[in-house]
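The values are calculated or read from the model by the stated rules, or taken from the named source; none is laboratory data. Note that the structure is predicted; figures quoted are calculated from it, not measured. Heads up, the Cβs are rebuilt from the backbone with ideal geometry, glycines too, and the neighbour counts pull from every protein chain shown. Surface accessibility is based on the protein's heavy atoms, side chains included, excluding ligands, DNA and RNA. Shrake-Rupley method; radii C 1.70, N 1.55, O 1.52, S 1.80 Å.
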Amino acid sequence: MTTETVSAPWGRVPSAGRFGDGLFRRLMATAAVTVIAVLVATALFLLVKAWPSLSHYGPLSFFHARWAPSEATETSSTPNPYGILQFIYGTVVTSLVAMAIAVPVAIAVALYITNLAPALLRRPLSSLVDLLAAIPSVVYGFWGVFALIPALGPIGRGLTAVSGIPALGWLFQGPFFGYSILSAGVVLAIMVLPIVTAICREVFDTAPVAEKEAALSIGATKWEVLRIAVLPRSRSGIVGASILGLGRAFGETIAVTMLIGNNVLSIPQGLLRPGSTMPSVIANEFTEANQPFHLDSLFVVAFGLLVLSLLVNVIGKRIVGRVSEHIA
């Protein structure tokens, strides 16, 4: 007896395997499109909500450092009282202060965990660092108000002593009252430390073992092994981790709002003065935005924050790509 195998055309009677592959491909495509759609929808929503203020004052009229909602009127002849330059400045400077503190510490912690710590301590140390990411933002802010600011008092007053140096005078102008860009930056550094450390740890773990053993075989010290075989291979990963941490710092709201001082009147002169960020001004004022174009202008701030975050991520990806090409 012979058995005939009848094969049907693909388009009419697909096999179970082909059907599963097609379904999986469609589900993954749907997920990818959904992410893009959410991003585009968010941007369009913010732009639509901000449009009354943008059309009334003009987009370029927001780039000054004067925020005075009480002076807003319905007439088009009135100058725009909703300047956002001080908020952009506060967001960028506070985040850069945080990254200047967090990135070196994160690299050092990740190097110790992956290459220097005893095997018995590596997992507990990794878990403890990761636990920092689980602490709520408001707890960081509460701790910053009652513990960090008093601790920074002597440091801030000491920094004001170097304000007479020409190169550093603008950076540490006093007086220092605690609530400042520096205080917010320190708390932000602690908050972004876990994500930067976790990524650096994974990157350092991928360093070729053969290269590390080769360096050890010719008498290299542990520091020389890290400098020769680990760090050069990890540049793109370190840059990527820093960009992700910077994006996290840009969007932080509650802790920064509690510590930065919320000065919306002007650009702060130095790190020891109170300031304000784009997220903090939105959190402080959106419930009381009852002046003409006040709420619309807060949507302008939100849209600007979204554009700034996307721009930083695009630039970061370009930098990571160039660093990867250089290493290769």
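In square angstrom, what is the accessible area per residue of region 87-293 with a 1.4 angstrom probe? Spell out each step's value before the answer.
Numbers: 9760 Å² over 207 residues.
The answer is 47 Å² per residue.
Which whole number of Å³ per residue matches the convex hull of the alpha-carbon atoms in region 205-328? Show your work: numbers first, answer last.
Working: hull volume 18.6 nm³, N = 124.
Each residue corresponds to 150 Å³ of Cα convex hull volume.
Whats the longest run of the chain with zero GluC sites (Glu not before Pro) that are DSSP loop and have at most 15 other Cβ atoms within 10 Å? Display every interim value, and only then the final one.
Values: sites that count: Glu4, Glu74.
Result, exposed sites excluded: 75-328.
Please work out the ratio of the alpha-carbon Rg of the chain to 2.2 N^0.38 Å and round it to two decimals.
Working: Rg = 25.9 Å, N = 328, 2.2 N^0.38 = 19.9 Å.
Scaled against compact globular proteins, the figure is 1.30.
Just the number, please: carbon plus sulfur as a percent of the accessible area of the chain, 1.4 Å probe, no ligands or DNA/RNA counted. Provide the component values of the computation, followed by the final result.
Working: 12630 of 18190 Å².
Within the chain, the accessible surface is 69 percent carbon and sulfur.
If you take every residue apart from Val33 with its C-beta less than 15 Å away from the C-beta of Val33, what net charge results, scoring Lys and Arg +1 and Asp and Glu -1? Please list the in-between numbers first.
Working: positive: Arg25, Arg26; negative: none.
Net charge around Val33: +2.
Could you work out [θ]222 nm for the chain from helices alone, using -39500 (n - 2.57) per DSSP H run of at least four and dividing by all its residues? Round to the nearest 500 deg cm²/dmol.
On the way: 12 runs with 204 residues, N = 328.
That comes out to -21000 deg cm²/dmol.
Just tell me, in residue order, which DSSP H segments of the chain are both 30 angstrom or longer along the helix axis (alpha-carbon based) and at least 0.5 in mean Kyte-Doolittle hydropathy. Spell out each step's value before the answer.
Numbers: long enough: 16-57 (60 Å, 1.05); 85-111 (39 Å, 2.10); 181-205 (35 Å, 1.92); 294-327 (49 Å, 1.28).
Those that pass (Cα extent of 30 Å or more, hydropathy at least 0.5) are 16-57, 85-111, 181-205, 294-327.
Hey, rough spin-label estimate for Arg66 and Asp130, points 7 angstrom out along Cα→Cβ, what's it come to in nanometres?
In this crude label model, Arg66 to Asp130 measures out at 5.3 nm.
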